[in-house]
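Just so it is clear, none of the values below were taken in a lab; they were calculated from the coordinates. These numbers were taken from a predicted model, which means no experiment stands behind them. With ideal geometry, Cβ positions are generated from the backbone for all residues, glycine too; neighbour counts draw on all protein chains shown.
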Amino acid sequence: MKYGLRLRPELVEDAHEAFVWYEAAATGLGHDFLRSYFATVAALQRQPLIYRRVYKDFRRAFLGRFPYALYFRMEADAVVIFLLIHGARDPAFVRRLLRERK
């Protein structure tokens, strides 16, 4: 089953910031990051329930070779992605962002 998908508006800025950083580090690396991002989003649409809950009803999916995570939750038959953030960020900061974006 393929679930619906909704992206919070702030997610675009999260992805853009990471893209710019990786592209500045090495030409083409930003595009590799975006490919990993979109592959993870597609995986979430196919099997969102395989990812464990990490905070209240939010689940987390890592982006493979990049140290970033997508935080999402299920709403009816849709995956709603709230946050894309570097995995080394303070968990308290991540929880605060999730509360603000909720």
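Through the Karplus equation 6.51 cos²θ - 1.76 cosθ + 1.60, θ set to phi - 60°, convert the phi angles of segment 30-37 into ³J(HN,Hα) values in whole Hz; use x for Gly and Pro.
My calculation for segment 30-37 gives x, 5, 4, 4, 5, 4, 5, 4 Hz in order.
Which of 27, 45, 88 sits farthest toward the positive end of the charge dipole of the chain, with +1 on the Cβ of Lys and Arg and -1 on the Cβ of Asp and Glu?
Checked the options; the winner is 45.
Between residue 13 and residue 100, what is 0.36 nm times their sequence separation minus the Cα-Cα distance? Round to one decimal in nm. Display every interim value, and only then the final one.
Details: separation 87, 0.36 × 87 = 31.32 nm, distance 1.53 nm.
Gain in length upon complete extension: 29.8 nm.
Taking the Cβ of residue 89 as the center, what net charge do the other residues with Cβ under 11 Å away carry, scoring Lys and Arg +1 and Asp and Glu -1?
Charge balance in the 11 Å sphere: +1.
So how strong a dipole does the chain carry about its Cα centre when Lys and Arg Cβ are +1 and Asp and Glu Cβ are -1, to the nearest 20 debye?
560 debye
Which of the peptides 62-71, 20-29, 39-48 is most tightly packed, and how do the rest follow, judged by the mean count of other Cβ atoms within 10 Å per residue?
On the way: 62-71: 18.1, 20-29: 12.3, 39-48: 15.6.
Result, highest mean Cβ count within 10 Å first: 62-71, 39-48, 20-29.
Using 0.36 nm per residue of separation minus the Cα-Cα distance, give me the extension gain between residue 26 and residue 2 in nm, one decimal.
Numbers: separation 24, 0.36 × 24 = 8.64 nm, distance 3.46 nm.
Value of the extension gain: 5.2 nm.
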